[in-house]
Amino acid sequence: MRFLPLLALVAFGTVQTLATVQAAGNPAPLNGIWALTGASEGDGSSSRGASPSGQLVIVNGQLHGNYGCGRFQGTLEAAHNEVTVQATSLPPRANERCLFVVRYAFLNDLNAARQYTVSRNHLVLFSKTARLTFERLGYVTPAQK
């Protein structure tokens, strides 16, 4: 019985620490480098045929990446399997010619995502119209402030 107050303090400290981590913008398992492995329509059918490679980097609520040679950046907020993504395309570099304009289908699907599921090696973003599947390429250790 003497340990009950101590246990309550430890439990409160853990909850408070978890709340602080959640306030950073996204749960820690989302932080990482993700490769796009599939995009499909809401009914499960493959969308747009062969698509270029895509990569997504998520760190503490910030994201950036590429789809083909097009680049994008933005923010990601996630909690309780719900997600909000706000990504915009970046202009091409000085001597770059890019056939893939990020702001169209892929970026629309990314911004439309409202739910997610994440495991150790896979991330899936869902919307009413599409599903984006990613495989983990690596981990990212957020910088300490």
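We did not get these values from a lab; they are worked out from the coordinates using the rules stated. Every value quoted in this text rests on a predicted model; they were computed, and no experiment measured them. Cβ coordinates were reconstructed from backbone atoms using ideal geometry, including for glycine residues, and neighbour counts include every protein chain displayed.
Once you put a point 7 Å from the Cα of V124 and another 7 Å from the Cα of E96, both along the Cβ direction, what distance in nm separates them?
3.1 nm
Each label point is 7 Å from the Cα along the Cα-to-Cβ direction; what then is the distance between the points at N108 and S40, in nm?
The modelled label-to-label distance comes out at 2.1 nm.
Below 15 angstrom from the Cβ of H122, what's the summed charge of the other residues (Lys, Arg +1; Asp, Glu -1)?
Result for the local shell: +2.
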